[in-house]
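Encoded as C-alpha cells, the structure appears first; notes follow it.
None of the figures in this text is laboratory data; all of them are computed from the coordinates on show. None of the values given here were measured: they were computed from a predicted structure. We place every Cβ from the backbone using ideal geometry, glycine too, and count neighbours over all the protein chains shown.
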Amino acid sequence: MQKVDDAQAQIEFDRRIADEQKIEPSDWMPDDYRKNLIRQMSQHAHSEVIGMQPEGNWITRAPTLRRKAVLLSKVQDEGGHGLYLYSATESLGITRSDLIQALQTGMAKYASIFNYPTLTWADIGAIGWLVDGAAIVNQISLQRTSYGPYARAMVRICKEESFHQRQGYEIMYQLAHGSVEQKAMAQDAMNRNWWPSLMMFGPHDSDSAHSGRSMQWKIKRQSNDYLRQKFIDQTVPQIEVLGLDMPDPELKWNEEKGHYDSGEINWEEFYQVINGSGPCNYQRLKHHKKAHKEGEWVREAVRAYQEKQQAKQDKTAA
Ligand code: FAQ
C-alpha cells in the first residue's frame, strides 16, 4: 500500500514541478530532492555566515564613520541572510545544530571565496562589487527555485544584496578615481578577487556532480557556466567605467558569440580551497567554533525560557 501511495505522490510531485508550482514543507517530496536541497541550502546559509568574517575584519578600520556604518550594516545583513536560510533549511526536517555540526566538522562546505584574506580596504569594495555581484546573478536565478521557502528567501536576500553591490562599486569607483596609490590598491584588490569570484559559480557544467538532478528538479534553474558567463558579461563594462586594467588578459568581446571570451580558472586551486586547504579555511572555522561556543549561554537561556513557557501552558491546559 505504501509503495502505491509513494508512486502516486511521485506523479503528483513531478506534475507540480512541470507546472512550475512550488513545493512546500508539508508536501510529499522524494528523499533525494530533500537531501539535495538540505545540502545546497545549508551550504548557502554557511556561506552567508562565514562570509561575515572577511568583511568584519575591516569594521574597526573603515576610513570614515559613514563607511563604518554601511559596512557594519552590510555584515549584519549577511548574518540575517544566514538565519533566513537556516530556518528555510530546517523546514526540511533537520535541526540547526545538525547543520552547524556538519559545518564545523568539515562535512558541509561553504563558498570558497571566503577562504581568501581581505588585505586592504579595497578588498571591501571588491567584495561588495564582485562577490555580492556574483551572488546576485546566482540568487536571481534561484528566486525561481522549486522549493517555496528557498525561493521566498532569495527574493528578500536579492534586494539587500543589490544595495551591497552598489556600496562596493562606490568604494571601488572612489579609489579608482583617487590618488595613484588608491588606484593601485583598487587594481590589486580586483585582480586578487576576480578569479575567486568566478569560482563562486562552481565547476564547469561537465564536471558538476549535482547539476543534472538539480536542474531536473528545478532546484537550479540555470547552469554554473551560463551564470558565470552572465556575470562576466555584465562586469567587464563596469571595469571599463572604473578605468582599471582587465584582471584577465584573455577577456575579449567575441562578436560572433555575443559574449566575452575569458581565460581558464585555476581548477586545482578551486578544489584545494573547497576541500579545506585554502589560505584561510583553518582560521574561518576556528573563529566560527569560538563564536559558537561563546554564544552557548544565549542558546541555553532561550531553551530555559521555552521550557518555562511550555510548563505554563501545560499547567493552564491541565
Ligand atoms: N565554493 O555539483 P556542483 C554570498 C561544491 S552567498 C565551495 O556544481 P551545486 C553572499 C558543491 O557544493 C555565496 N564549494 O554543486 C555574501 C559540491 O560539493 P558537495 C554562496 C563549491 O550545488 C556576499 C561540489 O563543489 N552562494 O556570497 C563551490 O550543483 C558577500 C560540486 O559542485 C550559494 O551558495 C564554491 N564556489 O552547484 C556573503 C548559492 N562550487 O556539496 C558575505 C547557492 C561548487 O557535493 C559577503 N548554491 N562547490 O560536497 C548554488 O547555487 C550551488 O550550490 C553552486 C554549486 C552553484 C554553488
- Add +1 for every Lys or Arg and -1 for every Asp or Glu among the other residues with Cβ under 15 Å from the Cβ of Pro196, and state the total. -4
- Message: Taking the Cα centroid of the stretch 299-316 and of the stretch 1-76, what is the distance between the two, rounded to the nearest whole Å?
- Response: 29
- Message: Give the separation of the Cα centroids, the stretch 97-117 to the stretch 191-249, in Å.
- Response: 21
- Which distance in nm do the two modelled labels at Glu296 and Lys68 give, with both placed 7 Å along the Cα-to-Cβ direction? 3.3
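List the relative contact order of the chain as a percent without decimals, with contacts defined as Cα pairs under 8 Å and 6+ residues apart.
Relative CO of the chain lands at 18 percent.
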- Message: Cross-link candidates for Lys183: which aspartates and glutamates have Cα within less than 16 Å, leaving aside residues fewer than 8 places away along the same chain?
- Response: Asp123, Glu170, Glu240, Asp245
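Quote the FRET efficiency, to the nearest 0.05, computed for Glu264 versus Ala18 with a Förster distance R0 of 35 Å and r equal to the Cβ-Cβ distance. Walk me through the intermediate numbers first.
Details: r = 37 Å, r/R0 = 1.05.
Step by step, r from the Cβ atoms, then E = 0.45.
Grab the Cα-Cα distance for Lys3 and Ala311, subtract it from 0.36 nm times how many residues apart they are, and report the gain in nm with one decimal.
Details: separation 308, 0.36 × 308 = 110.88 nm, distance 4.08 nm.
Full-extension gain reported as 106.8 nm.
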- Item | Eligible aspartates and glutamates near Lys315 by straight Cα distance, threshold 19 Å, same-chain separation 8 or greater | Glu307
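FRET efficiency for His177 and Asp98, Cβ-Cβ distance as r, R0 = 41 Å, nearest 0.05?
Values: r = 49 Å, r/R0 = 1.18.
E between His177 and Asp98, to the nearest 0.05, is 0.25.
How much net charge surrounds Met185 when only other residues with a Cβ under 12 Å from its Cβ are counted (Lys, Arg +1; Asp, Glu -1)? Walk me through the numbers before you get to the answer.
Values: positive: Lys183, Arg192; negative: Asp123, Glu181, Asp188.
Computed value for this residue: -1.
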- Note on the structure: The extension gain from Lys159 to Gln272, computed as 0.36 nm times the residue separation minus the Cα-Cα distance, is 37.4 nm
- Message: Using a 7 Å offset from the Cα along the Cα-to-Cβ direction at both Asp233 and Lys35, what is the distance between the two label points in nm, to one decimal?
- Response: 3.6
- Query: On a 0 to 90 degree scale, rounded to 10, what angle separates helix 281-294 from the longest Cα axis of the chain?
  - Reply: 50
- Query: Once fully extended, how much extra length lies between Ser91 and Ser26, figured as 0.36 nm per residue of separation less the alpha-carbon to alpha-carbon distance?
  - Reply: 22.5 nm
- Rounded to 10°, Cα long-axis angle of helix 132-142 versus longest principal axis of the chain: 40
